[in-house]
Amino acid sequence: MSLWDSVKPAKQKAPHVTNVELAADQKSLSLVWSDGASHRVAARTLRQFCPCAGCVEEWTGKRTFEIDTIPADMKAIEVVPVGNYALSFTFGDLHRTGIFTWELLRELCERTPAS
Ligand SMILES: [Zn+2]
């Protein structure tokens, strides 16, 4: 390993989503990433891990609901880009305040891929 390797930032620039497609039944989304990866993630998973202030207590980081209470057939009815760093979704229950950063989306895609 050269000295140059050791001074490079440990973490490379995080990949971002280059294409997002809502499935016809709106229950899952296909995401394509700038590093060539592609994932399918359930709308339910996104709704379960919504990071907004209504879903996660600001001070404790505690979720305000049990994730099992989100119906299995939760849909996403709209996807909107937020700047160049995130996506926001309107879910079937009309919840739409969550901002899903690339990092969060990638984590959810990898941890809980849609079957
Ligand atoms: Zn929320």
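Couple of notes before you dig in:
- In region 15-111, the portion of solvent-accessible area held by carbon and sulfur atoms comes to 51 percent [1.4 Å probe, whole percent, DNA, RNA and ligands not counted].
- In Hz, Karplus ³J(HN,Hα) per residue of region 97-102 (6.51, -1.76, 1.60; θ = phi - 60°; x = Gly, Pro): 8, x, 10, 9, 5, 3
- Cysteines without a disulfide-compatible neighbour (Cβ-Cβ under 4.7 Å), the chain: CYS52, CYS109
- Entry note: the chain has Rg to Rh equal to 1.05, where both radii use alpha-carbon atoms and Rh is the Kirkwood radius.
- Probe 1.4 Å, protein heavy atoms only - accessible area per residue of region 15-111 in square angstrom: 56 Å²
- For region 36-52, 3J(HN,Hα) computed residue by residue from phi via the Karplus equation (6.51, -1.76, 1.60; θ = phi - 60°) reads x, 6, 9, 9, 10, 10, 6, 4, 4, 4, 4, 5, 5, 10, 4, x, 6 Hz, glycine and proline entered as x.
- When the chain is treated as a Gaussian network with alpha carbon springs shorter than 10 Å, the biggest mean-square fluctuation among PHE65, PHE100, PHE49 belongs to PHE65.
- Computed FRET value (nearest 0.05) for THR60 with ARG96, which takes r as the C-beta separation and R₀ as 35 Å: 0.90
- If you sort ARG63, ARG47 by accessible surface, 1.4 Å probe, largest first, the order is ARG63, ARG47.
The values are calculated or read from the model by the stated rules, or taken from the named source; none is laboratory data. Everything numeric in this text was worked out from a predicted model, so none of it was measured. Counting neighbours? That spans all protein chains shown, and the Cβs are built from the backbone with ideal geometry, glycine included. Side chains are part of the model used for accessible areas, which takes the heavy atoms of the whole protein and leaves out ligands, DNA and RNA. Shrake-Rupley method; radii C 1.70, N 1.55, O 1.52, S 1.80 Å.
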